[in-house]
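The values are calculated or read from the model by the stated rules, or taken from the named source; none is laboratory data. If you're wondering where the values come from, they're calculated on a predicted model, not measured in any experiment. Cβ sites come from the backbone with ideal geometry, for glycine too, and all protein chains shown count toward neighbours. Quick note on the areas: whole protein, heavy atoms, side chains included, nothing else; ligands and nucleic acids left out. Shrake-Rupley method; radii C 1.70, N 1.55, O 1.52, S 1.80 Å.
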Amino acid sequence: MPGDGSSSAAAVWAVLRKECRSEWRTRYGLNAALLFAVTSLTAVSFAVGRLGDRADLLGALLWVVLLFAALASLAHAFVREVEGGTMTLLRLVASPTAIALGKLLFNLLFLGLIELVTVPLFLVLMGAPPPSWPAFLGLLALGSLALAVASTLIGAIIAQTRGRGALFAGASFPLLLPVLAAAVSGTRAQWTGGAAGAELRLLAAYATALLAISALLVDHLWED
């Protein structure tokens, strides 16, 4: 880890590298999230069949699977520090902002790996029509950013509380509801030939607002 004189970028990179190494040693979070997503997709595909002609349902099902995969896995970035007793050491060698940014980047990378497996599998199993790739990828990117920012913020808030698992899901849902609504609406629009520009702008604005709020709150979240 960098010392006090190191730059903020080096501190963020060190936190991100530590998170990646910790996850690589156990791969518990990634395996659990992928298992949840694949199991959910398989169960849904068997229950409702291929929905190539129901773009209104495809968008909702895709984002519900991604939402619950995120809720099942993204909280552990801060919880792991508390349970392992390493939070105090981490705060001694990096600023709260650098820690939060490093963990946010890790959550984004983590979510990207989940989507790399989940989204192609969803398109195949559900018989989805070819998406409008620029709009579809833009919605995935901005929706994932908003998911990761909200999950990182809530994870920092509830890390030192009791009943963290249940509390994380309950506290995250109100923040993630606008993300889910905009992402579902935009995904449905691009499959039906409509424009998704309004949803893309909403997701970008919401992610930016969450980032600003996180930057303001992060220094106060870990004060005893």
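Nothing charged except the Cβ atoms of Lys and Arg (+1) and of Asp and Glu (-1): what's the magnitude of the dipole of the chain about its Cα centre? Round to the nearest 20 debye.
That gives a dipole near 360 debye.
So what is log10(I(q)/I(0)) for the stretch 9-220 at q = 0.09, 0.12, 0.16, 0.19 1/Å, when the Debye sum runs over its Cα atoms only?
Result of the Debye calculation: -0.35, -0.62, -1.05, -1.38.
Multiplying the sequence separation of Val48 and Thr208 by 0.36 nm and subtracting their Cα-Cα distance, what value in nm do you get?
54.0 nm
Under the 0.36 nm per residue contour assumption, what length would be gained going from the current alpha-carbon distance of Phe173 and Arg201 to full extension?
8.0 nm is the gain from fully extending Phe173 to Arg201.
Compute the acute angle (0 to 90°) between the alpha-carbon long axis of helix 28-48 and the principal axis of greatest extent of the alpha-carbon atoms of the chain; round to the nearest 10°.
Orientation of helix 28-48: about 20 degrees from the principal axis.
Taking 35 Å as R0, compute the FRET efficiency from the Cβ-Cβ separation of Ser95 and Ala181 and round it to 0.05.
For R0 = 35 Å, the calculated efficiency reads 0.55.
Using only Cα atoms, tell me the angle between helix 164-191 and the longest principal axis of the chain; keep it within 0 to 90° and round to the nearest 10.
For helix 164-191, the angle is close to 40 degrees.
According to a simple spin-label model (label point 7 Å from Cα along Cα-to-Cβ), what is the distance in nm between Asp219 and Asp56?
5.0
Per DSSP H run of n ≥ 4, the term is -39500 (n - 2.57); total these for the chain, divide by its residue number, and report the mean residue ellipticity at 222 nm rounded to 500 deg cm²/dmol.
Result for the chain, helices only: -28500 deg cm²/dmol.
Lys/Arg Cβ at +1, Asp/Glu Cβ at -1, dipole of the stretch 9-220 taken about the Cα centre: which of Ala55, Thr88, Val38 is farthest positive-ward?
Thr88
Using a 1.4 Å probe, what is the accessible area per residue for the chain, in Å²?
With all protein chains present, the chain gives 48 Å² per residue.
Between Val117 and Tyr28, what FRET efficiency comes out of the Förster formula 1/(1 + (r/R0)^6) with R0 = 25 Å and r the beta carbon distance, rounded to 0.05?
0.90
Accessible area of the chain with a 1.4 Å probe: how many percent of it is carbon plus sulfur?
68
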